[in-house]
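Reviewing the structure listed below.
A short reminder: the numbers here are calculations on the coordinates, not readings from a lab. Everything quoted here is computed from the prediction, not taken from an experiment. Cβ coordinates were reconstructed from backbone atoms using ideal geometry, including for glycine residues, and neighbour counts include every protein chain displayed.
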Amino acid sequence: MGRIKKRSNTLSRIFMEYVLVMLGALVILASGTVFAFHILVNTGCVYPANYAERKIDESYDLILNTDEVTEDMIPPLCQYIIFSLDGQKLGGNMTEESAKIAWDVVTRQGATGNYFYKVIERKTEYVVLQYRLIPQYRSVFLREHFIGPQNLLTTIFLLGGIAIIILPSVRFGKRIKKCMQPMMQAVEKIKNQELEYEVAYSGIKEFDDCILSIDEMRFTLKDALERQWKTEQDKNRQMSALAHDIKTPLTVVRGNAELLCETELSGEQRQNTLHIINSALQIQDYVQKLIDVTKSAAGITSAPEKIDTKALLDDIKKQTEGLLEIYHLAMNWEEKRDSQTLTIVYDQVVRAVMNIIQNAAEHTPEGGCIRIHVEEEKESLRFTVEDSGNGFTKEALLHGADQFFMDDTSRSGEAHYGIGLFFAKTAAENHEGELVLENSEETGGAKVEISFRSFR
């Protein structure tokens, strides 16, 4: 088992690094914003927040003692209005709304809004100055057409803060995703039953612990699969050996029965002897199917070869005629061929189709008919076999092609073993085809479709 030797970081440590980086960046951004503001103020590009208030203090005495207040005496960044003692507007540049607020300030009623007011009480009039305690651009154009420097710096700080949060988060997510790749790859390999691989290093302790657990599971699964495979191989060898052993006494029984038929026997004795021969042939066929199944399970198959389609179908048709003659059944054969040759495993295809036909014959009453439709197109061959029996049960439709399936309520009323259909399904899958079990609407019996694709 591969062990991770490198030192791994923890998720909490990585997250803390992310938080510290984010906080450090925010502090730098805030410091940079404040520093930039001070540079703008020191260079005179931006007036500080109390600039207007300072200028009012400098101009206070001049406005208070001058004979006549003129606009050039008004401090920068200030609006002004002059009232008579009875509240009449004598001059200024305030708006009507601001003028009303200014007079409220004069009469000690207080001010509302975002502006501050300074009242200079002269002998015959009041001079009210309006100003704001916020930084402002020195440029009149910027003051009139651009957001204030305070709002600008706040916006820059917010956008920078968002960027500082998003960018490290994206990087953190990509880092975590990258570190998860070894674990995901290990899971994917196990899913695909690829159990031979090197353990990769993730760099995060929690992920590495999971990888090690997955690795332990891999070795456990590998050991279990190897034991299962060995057990299956042993079972297949035993089944194959047993099947071969059965063939010898069957040959003896069949041979002696055939010799008995050559002697003088009564009608009843001859009939019984023929039953023995037919049963021996049937058992022999089942034994051959069992041998075929064990070979398929072990992966023992013949090499594909280019076959003349007509010769293949003639062979199957000839075998079918001989089989149905034994069962006293009629045959309805239809075929449609497009090409001349197919690359297939000949013995597999023939035995798979014959298994289906024999299964249909076994469940069709004497005097019935087996319908066989053959269609070849696009380098594929499809057989459709329909009988006139009782059809598949619900259970057989679901599991009829499973290995050693037995349906006690089968169409014949006897136990039915799925060796033949299982072999047919295996042969179809080896040729990238399929086996489909249905019940025929036309005959009322079973309908089996099997297809084979030509090897390329």
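Each label point was placed 7 Å from the Cα along the Cα-to-Cβ direction; for Ser339 and Glu395 their separation is 4.1 nm. Report, to the nearest 10°, how far helix 11-42 tilts away from the longest principal axis of the Cα atoms in the chain, using its own Cα long axis and a range of 0 to 90°. Approximately 30 degrees, to the nearest ten. Axis angle, to the nearest 10 degrees, between helix 346-362 and the longest C-alpha principal axis of the chain: 70 degrees. Between 0 and 90 degrees, the angle of helix 267-297 with respect to the longest Cα principal axis of the chain falls at about 30 degrees.
Taking every DSSP helix (H) stretch of at least 4 residues in the chain, weighting each as -39,500 (n - 2.57) and dividing the sum by the residue count yields a mean residue ellipticity at 222 nm of -19000 deg cm²/dmol. Taking 0.36 nm per residue of separation and subtracting the Cα-Cα distance, full extension of the segment from Asn9 to Gln238 would add 77.0 nm.
Among rounded, prolate and oblate, which fits the range 50-133 when a ≥ b ≥ c are the square roots of the eigenvalues of its C-alpha gyration tensor, a/c under 1.5 means rounded, and a/b larger than b/c means prolate? Kindly include the intermediate steps, with their values, before the conclusion.
Working: a/c = 1.59, a/b = 1.03, b/c = 1.54.
In terms of gyration-tensor shape, oblate.
Looking at the square roots a ≥ b ≥ c of the eigenvalues of the Cα gyration tensor of the chain, which shape do they give, rounded for a/c under 1.5, prolate if a/b is larger than b/c, or oblate? Note, shape of the chain comes out prolate. Modelled spin labels at Asp223 and Leu274, positioned 7 Å past Cα toward Cβ, are 6.2 nm from each other.
Mind giving me the FRET efficiency for Ser266 and Gln185? R0 is 60 Å, r the Cβ-Cβ distance, nearest 0.05 is fine.
On the way: r = 77 Å, r/R0 = 1.28.
With R0 = 60 Å, the Cβ-Cβ based efficiency is 0.20.
Evaluating 6.51 cos²θ - 1.76 cosθ + 1.60 at θ = phi - 60° for every residue in the range 169-179, the Karplus couplings come out as 5, 4, 5, 4, x, 5, 5, 5, 4, 5, 5 Hz, glycine and proline recorded as x.
A crude spin-label estimate for the pair Val253 and Asp72, with each label 7 Å from Cα along the Cβ direction, gives 13.6 nm. Report the longest stretch of the chain that contains none of the GluC sites (Glu not before Pro) sitting in a DSSP loop with at most 15 other Cβ atoms within 10 Å. In short, 69-193.
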